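The values are calculated or read from the model by the stated rules, or taken from the named source; none is laboratory data. Just so we're clear, the structure is a prediction, and the values are computed from it rather than from any experiment. Note that we place each Cβ from the backbone using ideal geometry, even for glycine, and neighbour counts take in every protein chain shown.
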Amino acid sequence: MPDSVYKTLTLITFAVGYSGIIFFSKRKSYFAGFAALVIIFLTIIFSSAEKSSSLIYIVKSINWNVLGIFVGTLIIAEAFIESGVPALIAHYLVSKSKNVGMAILYLCIMASFISAFVENVATVLIVAPVALEIADRQKISPVPFLIGIAISSNLQGTATLIGDPPSMILAGYMKITFNQFFILKGKPGIFFAIQIGAVASFFVLFLFYKKYKDKVFENVRVKVNSWFPTYLIVLMILLLAISSLIDPEFSYLSGAISIFLGIVASVWFLLRLKISRKELLKKIDFDTLIFLISIFILVGGIKRAGIMDDIANITVTRLGANLFLIYTVIVWGSVLISAFIDNVPYITAMIPAVSLMAQRLSVSPYLLVFGLLIGSCLGGNITHVGASANVVSVSILKRRGYNIGLREFSKIGLPFTLSATAASYIFVWLIWH
């Protein structure tokens, strides 16, 4: 059969799989997994080369280094939560606050900092109990507080390689190391773009919270179970920084380090907390792991079929050679799209296409891929379903009797997102165009 049939069937499979991911988010791993199996079947059937080479291509399309980072940091983050250290830091910040508004703002800043190194959902689970405690004590609604914590954690998850899966995926495809998130080719990296955005967005939160002027008293004692997981996180950051020198192609070492330290954290769980191996396995998010593997295969399939080249050619043809216009469409289009759909499949699919656009325009790809990362990660803060951390926060509030819809969430999320994205968007353009 001709290549056009293969391309058409691949595109249909991709579209059906992504539609399932968008409209049935609770079962997204099933749709992604099924579509990935179909892609594998099509790749083997329509391959003109040896069947074994087709299977090798499929295996290579999965970024095992990124998966290693994801699993390792996930286990370490769980250990960090159990250690009690995050709660201690949160209570310390609250005790130093002049009023309720500043206490919550400090918690949002803390959530932002933690999420640069810990998965966003885990960050919300760490900080949310403190915010709820303050709201209960002051007899005020916790809704604006938990929304602020969720969107703050989503913001800084973009800043480092280990902060969130989209950053890991970008690093894996572009071969960007841990250190290069800070300084890349002698220029400020994506980390500093996010910090500029953070300054703008936290000013928005300050305006929202300044009306909470009552004093807050923090007398609760927090017990630290162990400092060991904190040492593990510090060690992981140091080793990932060093690995950038040993493995500049970002091919294996970062994942290996994360897995090794994840195993160490697992041993800590088993020996210190006396949990069973079955309970330990429950702490690994296998659903997201399968989802990521499936997405890598899906994107590898459409790339092999030449669909990415088609997208790049069409975009450049329609928008012309106006780099600023293309950059603007990528950033703000990504904001709009990721407000409603999962940013992991979106950014995984778009990175190759955006890189090809840069190639067609004969410009550095970093401007466009950084714009893509900013838009797709920050856009999720607009709605209550745009990011997993938002969904978790809304779920916590629902258990407390607060039903949060799009309008109430967006009242804070939209201005936060617009300010953070605009500041980061301008910074990246000035530095990288």
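Scan the range 343-362 and give yes if some residue there is closer than 26 Å to F23 by Cα and surrounded by fewer than 17 Cβ atoms within 10 Å (Cβ to Cβ), otherwise no. If you could, list the steps in order and put the result at the bottom.
Here is the first cut: in the range 343-362, the residues closer than 26 Å to F23 by Cα are 343-354.
Right, trim to surrounded by fewer than 17 Cβ atoms within 10 Å (Cβ to Cβ) and you get none.
No, there is no match, as no residue in the range 343-362 is closer than 26 Å to F23 by Cα and surrounded by fewer than 17 Cβ atoms within 10 Å (Cβ to Cβ).
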Of the residues that make up the range 256-273, is at least one closer than 22 Å to I176 by Cβ, buried (at least 23 other Cβ atoms within 10 Å of the Cβ), in contact (Cβ under 8 Å) with a residue 24 or more places away in the chain and aromatic (F, W, Y)?
no
Just to be sure, is G101 modelled with pLDDT of 80 or more, more than 30 Å from F228 (Cβ to Cβ), assigned to a helix (DSSP H, G or I) and more than 23 Å from the chain's Cα centre (by Cα)?
yes
The conditions are (1) of a type in the set (A, V, I, L, M); (2) surrounded by fewer than 23 Cβ atoms within 10 Å (Cβ to Cβ); (3) farther than 21 Å from N154 by Cα, and I284 fails exactly one of them. Which is it?
(3)
Mind checking which pairs have a first residue in the range 420-433 that is within 13 Å of L368 (Cα to Cα) and a second that is outside any helix (DSSP H, G or I), Cβ under 7 Å, 6 or more apart or different chains?
I431/K187; I431/P188; W432/K187; W432/S364
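Among the helices (runs of 4 or more DSSP H) lying completely within the range 318-433, list those that include at least 3 residues that are in contact with an Asp or Glu (Cβ under 9 Å, 6 or more places away or on another chain). Break it down into steps so the answer makes sense when it comes.
Numbers: elements: 323-338, 343-361, 366-378, 388-399, 406-432.
In the range 318-433, 343-361 are the helices (runs of 4 or more DSSP H) which contain 3 or more residues that are in contact with an Asp or Glu (Cβ under 9 Å, 6 or more places away or on another chain).
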Anything in the range 71-100 that is surrounded by 22 or more Cβ atoms within 10 Å (Cβ to Cβ) and over 19 Å from W268 (Cβ atoms)? List them, or say none.
A90, V94, V100
Subset tally (residues that are under 23 Å from the mean Cα position of the chain (by Cα) and at positive phi) for the range 116-164:
0
